[in-house]
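The values are calculated or read from the model by the stated rules, or taken from the named source; none is laboratory data. Keep in mind it's a predicted model, so treat the numbers as computed, not measured. Please note that ligands, DNA and RNA were not included when accessible areas were found on the heavy atoms of the full protein model with its side chains. Shrake-Rupley method; radii C 1.70, N 1.55, O 1.52, S 1.80 Å.
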Amino acid sequence: MTTDALPPPRRQGHRSPVRSVLTHAALIAASLLMLYPILWMISGSVRPEEEIFGTSSLIPSAVDFSAYVRGWTGLQVSFGKFFWNSLVISVLSTIGNVVGCSLAAFAFARLRFAGRSFWFALMLGTLMLPYHVVLIPQYIMFLEMGWVNTPLPLIVPKFLATDAFFIFLMVQFFRGIPRELDEAAIMDGCSPWRIYFKIMLPLSLPVLATAAIFSFIWTWDDFFGPLIYLNDINTYTVQLGLRSFVDSTGSSDWSSLFAMSNLSLVPVFLFFLFFQRLLIEGIATTGMKR
């Protein structure tokens, strides 16, 4: 029997066109299913009020963008004020989380001090502590300090490394960086501060970008914190501003609510896109052997 009669070997990993088409069709269908609520909200912001809850179709009978004008100017304060308040709180909180948590993580991961294991375990224990347990003591403390009805209770604690999740995340990343770099820097006369700024931060771009993404999104979407500490409409965030469109008497302006909800997604989407690129570049850079 000659080898010419044998069939050619089948290439490993080859996928049939039919299977590839079915896989992509299933993924597209799943994507549309997840995007349907957002598409319905966008459609509801430009359709007549009586059609919003009367149909599940995404195609409105008439297109009207007046809801965006009403939503932006219909309240006592322009909705742009709410956007500015949320942007200030979110950006400062993100900076505070990245700076404060990275410093605390650097201390736990690279420095030796008395009681390090105990304090690290205590920090991890705060992850299991419900926020509502410390809510009343925190509110009383901030009330005595005169910070209620100001954004300070939402910003200042972030600079004090109060988010144990980000500290734990960064500690695990810092421990993966070779200690030989620290030892070489110490031999060259570098202080711990210089090691932190010159070695740890440049190599920790992926975890810093991850912390920044989650911190910004969580702060921007936070409703409970601003509800507790902000009472004046001039200090409201976007989430409190959206609540103002909902009236318990039944006369809610749903189209304006949907319109402003669509606009509130834009900063989060842009922030994620920007830091996603930064995150990918950081992983590609630090993933190579040095």
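Annotations for the structure displayed:
- Size of the chain as Cα extents on the principal axes (Å, biggest first): 86, 68, 31
- Surface accessible to a 1.4 Å probe, per residue, for the residues of the range 77-288, Å²: 53 Å²
- Relative contact order of the chain, defined on C-alpha pairs under 8 angstrom at six or more residues apart (%): 28 percent
- Counting all C-alpha pairs of the range 121-247, share separated by more than 22 Å (%): 53 percent
- Span-rule helices in the chain, defined as complete DSSP H runs reaching 18 Å or more along the axis (Cα) with Kyte mean at least -1.0: 17-44, 79-110, 131-144, 205-221, 254-286
- Compactness of the range 18-63, expressed as Rg and Dmax over alpha-carbon positions, Å: 14.3, 44
- Split the accessible area of the chain by element, probe 1.4 Å, and carbon with sulfur accounts for 69%.
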